[in-house]
Amino acid sequence: MNMTKSLILGSAAALLAMGGAQAADLPVKAKAVEYVRICSLYGAGFYYMPGTDTCIKLGGYVRLDMAVHGGDYAIYQSGAGAANNRLSNYWNARARTDVTIDTRTATEYGVVRTYSDLVFSYTTATVTGAPGTAIGATDIGGLTSGGVGQAGLGMYHAFIQFAGFTIGRTYSIFDTPWQSYPAGGPDNIPGGSNHVTGVPQLTYTADFGQGISGSISAQDPSGGQDTSNVFNLSQPTAASLVGGAYGAQAAAATRIPDIIGQVRVDQAWGLFQLAGALHNNHASYYGATEATGHPADKLGFAITAGLSIKNIPTGPGDSINMNAVYTDGATKYNFQSLLGSFAMYGGSNIAYQSLGLGTQADATFTTGSGLETVKTWGFRGGYTHNWSPNWASAIYGGYAQLKYGSNGKAAVCANMLAGLGLALANCNPDFNMAVVGFNTVWTPVKNLAFTADVNATWLDQKHSGTITGANTASAASAKPAATYEMKDQMSVSALFRAQRNF
């Protein structure tokens, strides 16, 4: 019995040992690899973020611009840039990388979307050494660094979309889809708004089907993007005139957002849209302290209509874009990218040089008076023709007019005569602005384009006669105190661009 028991136990032990040895020899199962999955719900380029149900798309572009006499950056301006002398850049350059991040997640309430657009730019600085001043740098690219050879970081868009709401910074619903580029061209074409770098907002859009939608938005007007000058014309200064301004900037802090509404029809043939904006004009004080009092707020407005026609009979892919605008106390919705005040210099046969002044404002006032709004109107348009899949050309243009109220005109002219001692045969701060241009784009391979663009700008200013005196001097542009002829001005600019989209 003992022998039989020992044999059974020994056999069992041997079997267990063999089983353990065989188990140790089995290969260990590797952890599953998470491959990137294509997300086809929202178009090409999206893929699922590993481990989530969120789709993401990365994009952007790399660009180099070479501009002659302004080009894409400032085709009209003040100071050294408009002096037409040795302090002006005759050419400049900008290198830029733009990165976009688009995420979308399907939920029981619809798609939740986030979008970000980050921009890294280097722009040529204007280096000046005016007599009696140290050599300095003026950053014409809008960079906060202000130094020569330093790059800048910007954020154009950052928003959330959910259940019809858009919350964050992006295009304004007042804009047409082509912004201020009806067929390419510079940023500064008058005749409508241009929020291509985004504006903070809270917007709701209702989709009625068949390409018809309606939107309403509360939009931030601060930062100068939608608020122009509110001139206090009671105390003129010499620096105001040579800088292109007529009085002290008295636009105070914001009280309410701009309220904007839009109706849009988007079809295969193109699109049509109507939009309107309400803009509150809020001034500071009549004098240096709050004890001097202030004018009451005054509501301004802007209205616009836009039309795009696609695939016109001249060829496949050809298009026409156009829009018109009228403003009363909301000038920036017409002259969006135009500097608030500017002074352009040129030649003269009767004086030392000629000078053209063009100054935009939302409203004006003098001590004890209420706000008087400034009225404008304008239009712009463009036509694009595709010669082949690799070549396209376009022609574009814009025109806008600005008119001060009767009290504002009288105060401006009184300032120039009594305050600055500058007498004119005809004093009138109104002006018209026109831009016309042509470009050709070569696309040798997909998403790589080379552009050549030439444009001309006309300032039709309404002052006439000559001005003489110490207040005509400008150290910033090396202009002496002399006699200047008030005269219309013209400038021609060119832009050469290489851009790779990804």
Average Cα contact separation per residue, the range 217-370, under 8 Å, 6 or more apart, as relative contact order %: 26
DSSP loop trypsin sites (Lys or Arg not before Pro) in the range 441-499 with at most 13 other Cβ atoms within 10 Å of their Cβ, which ones? K446
Could you work out the relative contact order of the range 305-394? I mean the mean sequence separation of Cα pairs under 8 Å and 6+ apart, divided by the number of residues, in percent. 32
Listing Y156, Y171 from the residue with the fewest other Cβ atoms within 10 Å to the one with the most, what is the order? Y156, Y171
Expected sort for M490, M416, M344 with the fewest Cβ neighbours (10 Å cutoff) up front is M490, M416, M344
Lys pairs, the range 303-441 - Cα-Cα below 14 angstrom, 8 or more residues apart or on other chains: 4
Between rounded, prolate and oblate, where does the range 313-427 land on the alpha carbon gyration tensor, with a ≥ b ≥ c its root eigenvalues, rounded for a/c under 1.5, else prolate if a/b exceeds b/c? oblate
Exposure proxy check: I101, I260, I467 ranked by fewest other beta carbons within 10 Å? I101, I467, I260
Find out how many positive minus negative residues lie around P389, taking Lys and Arg as positive, Asp and Glu as negative, among other residues whose Cβ is under 15 Å from that of P389. 0
By the scheme Lys and Arg +1, Asp and Glu -1, what is the net charge of all other residues having a beta-carbon under 11 Å from that of Y345? +1
Arrange the peptides 309-317, 262-270, 274-282, 326-334 so that the one whose residues have, on average, the most other Cβ atoms within 10 Å appears first. 326-334, 274-282, 262-270, 309-317
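Every number in this text was worked out from the coordinates using simple rules, so none of it is lab data. Since the structure is predicted, the reported quantities are computational estimates derived from the model, not experimental observations. Please note: Cβ atoms are built from the backbone with ideal geometry, for glycine as well, and neighbour counts cover all protein chains shown.
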